[in-house]
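Worksheet: the structure to be examined is printed underneath.
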């Protein structure tokens, strides 16, 4: 019974997503963009770097990089905390 | 309709990858296979993000010795960078927990490590 | 592993280090930056761990040194972000000044390293953080599987 409902859910979700991929997205190759066009035109004089992706990551959207650095720090601390061989039990 | 049927194929490829990942997550019980399913799910979302920002005949958004042509969107590539780094960190944490579960219960079946007792 | 693998891994680490530092420092001129260069150097460290065994590498890469490098990278990033607090948080205050202050001409041009404002310093901070973090995570996984633990 559970298997039947799981298959039904998966098939309905996949049909919806495939139809969405064909109809509900913009045609491939012509994205409607005004914010990105502003960044391509003005990144060289406002930030002074040739790499527009680097300027977007560190200058226009610096808060996202701050959040990502925090997640990386927390994950590395978590790995080092979980993988400690525990202390030996004392003999009583 | 046939124009969008063939032209929108890269989006449907990302959706098919997501379908494979969801099948693994629902129907498989081995813990390592579940971790692989999570990784494939992250990869499908990253692929979808990058194909959203393509312009026909575009070049990379770098001004150093750039050839002629319109530039592809840069904001979408910045979002994908963040997503890839977070996926790597999360999968490292999940794998360390799987190692601990294997040492504690002795098997990699997800039905055997379901109870929450000590 | 055998003598050939160990010698080749020793010699290869120098070239991997130089290439990784090139990708980190030229982050505002060519494709790349902090995250990509950090991943390159961490993969070089993984080659060393596979060739020599984790018990041998444990004596050189202790946990406290790696944690100091990672924390200093994060602190450099945050201090550079706070330094422009006169206008906004994350303000690019080095554009037009002496250090890293050139402005490139509009359109296609051969790139110059002394441009970019505050971006090369942030690239350096993030590169240090990613290198130390990924190396520590892989070393902890390798040591736990062979039964020992990381030294302080």
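Where a number appears in this text, it was derived from the coordinates with a stated rule and is not lab data. Here the structure is a predicted model, which means the values were calculated and not measured. Neighbour counts run over all protein chains shown; Cβ positions are idealised from the backbone, glycine included.
Quick rundown of the values:
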quantity	calculated
Residues A:36, C:112 arranged by fewest to most Cβ contacts within 10 Å	C:112, A:36
Using alpha-carbon coordinates, inclination of helix C:34-52 to the longest axis of chain C, degrees	10
Peptide C:121-130, shielding by other chains (average Cβ, 10 Å cutoff)	3
Between the range B:37-87 and the range A:2-20, the Cα center-to-center distance that results, in Å	29
Helix axis angle, C:3-25 relative to chain C longest principal axis, alpha carbon, degrees	10
Efficiency of FRET between residue B:90 and residue B:29 - r from beta-carbon atoms, R0 22 angstrom, step 0.05	0.55
GNM result for chain B, Cα springs below 10 Å: residue of B:63, B:102, B:23 fluctuating most strongly	B:63
Folded to 0 to 90 degrees: helix B:75-105 orientation relative to chain B principal axis, Cα	10
